[in-house]
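No lab work stands behind these numbers, since they all come straight from the coordinates. If you're wondering where the values come from, they're calculated on a predicted model, not measured in any experiment. For neighbour counting, all protein chains shown are included, and Cβ atoms are generated from backbone atoms with ideal geometry for every residue, glycine included.
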Amino acid sequence: MNKLRLEKIILLVAFLFVWSSILLTQKSPFPGEMADENDTITIAVLHPSMGSIKALITLREKGLIPLPHLRVLGVYHEEQLTDYGKAKEFVTANNLEWFSFYPISGPLSEDTLFQRNPCSTEFERIFEETDGLIFFGGPDIPPRLYHEKTNLLTKIDDPYRHFLELSFIFHLLGGFQDETFPPLLDRQPEFPVLGICLGSQSLNVGTGGTLTQDIWSEIYGVNQVEAAIELGKEFWHSNPFSLLAPQEKFYSYMIHPIKLEAKGKLCSVLGFKPEDTPVVISEHHQEVKNLGKGFRVIASSLDGKVDEAIEHERYPNVLGVQFHPEYPDLYTDEARLRFTPQDKDPVNITSFLEAHPPSADFHKKLWAWVSQSWEENHKRRLSR
């Protein structure tokens with residue numbers, strides 16, 4: 001063997017050694033892949049902001065998500081305007097080994113959302129490798145994506161986020177946009193999908209539904225903050241006093257009761273009665289208008305004019321809630337908040353929920369059902 005050939009072999013061996021070392025030490029984008037699959041439940045969350053991560057931390061610490069081996073994959077598109085840098089720094093600084101980020105880079109456009117596109121393979125992989133999905137809250141969806149003109153009160157912050165999430169939802173559930181498209185959930189009908197606030201609206205729009213762009217003006221016919229206040233706080237879905245007197249630092253979220261439908265899972269599965277009116281917290285000015293394919297309304301405001309929760313008729317573990325059951329202030333005794341000028345003493349929301357049954361129990365049972373649906377889906381995935 002000549003010297004030159006020997007040197008080439010040595011270089012090749014050295015290259016293979018270094019590359020194999022990199023592969024062995026490199027973190028998997030799916031955090032459950034390197035752990036014991038029998039124990040690790042993996043979910044994906046869309047919009048992995050610091051707020052979303054802190055909400056998950058609180059839910060775990062307070063025992064509402066009682067899954068010790070939970071892994072979370074934070075999914076976002078690289079073209080989103082949202083900067084996840086602080087969230088990544090937070091995860092690293094706090095050694096949150098159970099949380100990983102998963103950026104998607106395939107190009108999307110308004111014309112390619114509701115069909116196979118460069119992100120389709122990524123959607124399929126996330127679906128196959130996880131035990132459930134959460135679509136978190138956020139800003140308004142561009143109305144052109146549900147074929148309506150834009151209200152002056154609609155605020156669009158990050159179009160590419162909506163491109164990603166609406167396309168993902170269409171791939172999961174199908175929709176009126178193309179009723180021949182085969183939904184991923186046809187493969188696993190019991191796969192859990194939870195939409196929170198914007199997430200609930202996205203479930204509706206992603207399946208071909210539309211939105212009311214401003215509740216106060218379109219539903220109640222009021223265009224001034226003072227007129228909204230006169231409606232009564234049972235019908236506020238965000239706090240008008242935070243707009244009227246920002247110097248008072250009133251809380252922008254609002255607590256209010258909701259009405260449950262007897263046939264919906266909030267009653268039939270969680271065990272509540274139609275006469276129960278649990279108190280929830282919300283901050284939104286839009287709501288579901290025309291329902292997307294396969295959805296029905298299962299909760300509303302007390303007057304029945306604003307939809308508060310939707311569920312899928314075909315896929316039993318798909319739920320959208322217009323309120324915020326993940327919000328940390330629901331579960332922390334430290335929070336003291338003022339909503340109106342009449343609140344001389346700041347309100348502790350945890351105590352308020354406990355004083356207005358079944359509000360506290362409602363939130364606990366909701367997260368218990370979500371956690372159980374992840375756990376059961378994990379067992380089904382292992383059996384396949």
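Between Glu375 and Asp186, what is 0.36 nm times their sequence separation minus the Cα-Cα distance? Round to one decimal in nm.
On the way: separation 189, 0.36 × 189 = 68.04 nm, distance 1.95 nm.
Value of the extension gain: 66.1 nm.
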Once you have the alpha carbon radius of gyration of the chain, what is it after dividing by 2.2 N^0.38 Å, with N set to its residue count?
1.08
What's the exposure ranking of Leu244, Leu353, going from fewest to most Cβ atoms within 10 Å?
Leu244, Leu353
Please give the FRET efficiency for Glu230 paired with Leu382, using the beta carbon to beta carbon distance and R0 = 41 Å, rounded to the nearest 0.05.
0.15
Could you give the dipole magnitude of the chain about its Cα centre, charging the beta-carbon of Lys and Arg +1 and that of Asp and Glu -1, in debye to the nearest 20?
900 debye
For an R0 of 41 angstrom, estimate the FRET efficiency from the Cβ-Cβ distance between Leu243 and Arg296 and round to the nearest 0.05.
0.80
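Which whole-number percent is the relative contact order of the stretch 272-384 (Cα, under 8 Å, 6+ apart)?
Values: 111 pairs, mean separation 24.1, N = 113.
This gives 21 percent for the stretch 272-384.
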List the residues of the stretch 41-57 whose backbone N lies under 14 Å from a point placed 7 Å from the Cα of Ala93 along the Cα-to-Cβ direction.
50-51, 54
Any idea how far apart Ala368 and Lys54 come out in nm if each label point goes 7 Å out from Cα toward Cβ?
2.9 nm
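So how much slack lies between Ser109 and Glu129, counting 0.36 nm per residue of separation and subtracting their Cα-Cα distance, in nm?
Numbers: separation 20, 0.36 × 20 = 7.20 nm, distance 2.58 nm.
Full-extension gain reported as 4.6 nm.
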Hey, how many Å between the Cα centroid of the stretch 232-277 and the Cα centroid of the stretch 146-202?
24 Å
Which order do Asp158, Asp178 fall in if you start with the one that has the fewest other Cβ atoms within 10 Å?
Asp178, Asp158
Give me the Kirkwood hydrodynamic radius of the stretch 66-161, using the inverse of the mean 1/r over all pairs of distinct Cα atoms, in Å to one decimal.
15.8 Å
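Sorted by mean Cβ packing within 10 Å, highest first, what order do the peptides 371-379, 148-156 take?
Numbers: 371-379: 18.3, 148-156: 13.0.
Ranked from most to least packed, the peptides come out as 371-379, 148-156.
Using a Förster radius of 22 Å, what is the FRET efficiency between Lys149 and Tyr220 based on their Cβ-Cβ separation? Nearest 0.05, please. List each step's numbers first, then the result.
On the way: r = 21 Å, r/R0 = 0.95.
About 0.60, to the nearest 0.05.
Over the stretch 89-208, what is the mean sequence separation of C-alpha contacts under 8 Å (at least six apart), divided by residue count, expressed as relative contact order in percent?
Details: 140 pairs, mean separation 37.6, N = 120.
Dividing the mean separation by the residue count of the stretch 89-208 yields 31 percent.
For the chain, what's the relative contact order in percent, using C-alpha pairs closer than 8 Å and at least 6 residues apart?
Details: 686 pairs, mean separation 60.1, N = 384.
After rounding, I find 16 percent.
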For the peptides 317-324, 306-313, 124-131, what is the packing order when you average, over each peptide's residues, the other Cβ atoms within 10 Å and list the highest mean first?
317-324, 306-313, 124-131
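Full-extension gain between Phe176 and Asp39, please, as 0.36 nm times their residue separation minus the C-alpha to C-alpha distance.
Values: separation 137, 0.36 × 137 = 49.32 nm, distance 3.81 nm.
Roughly 45.5 nm would be gained on extension.
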Mind giving me the nanometre distance, one decimal, between the label points for Lys86 and His69, set 7 Å out from Cα along Cα→Cβ?
3.5 nm
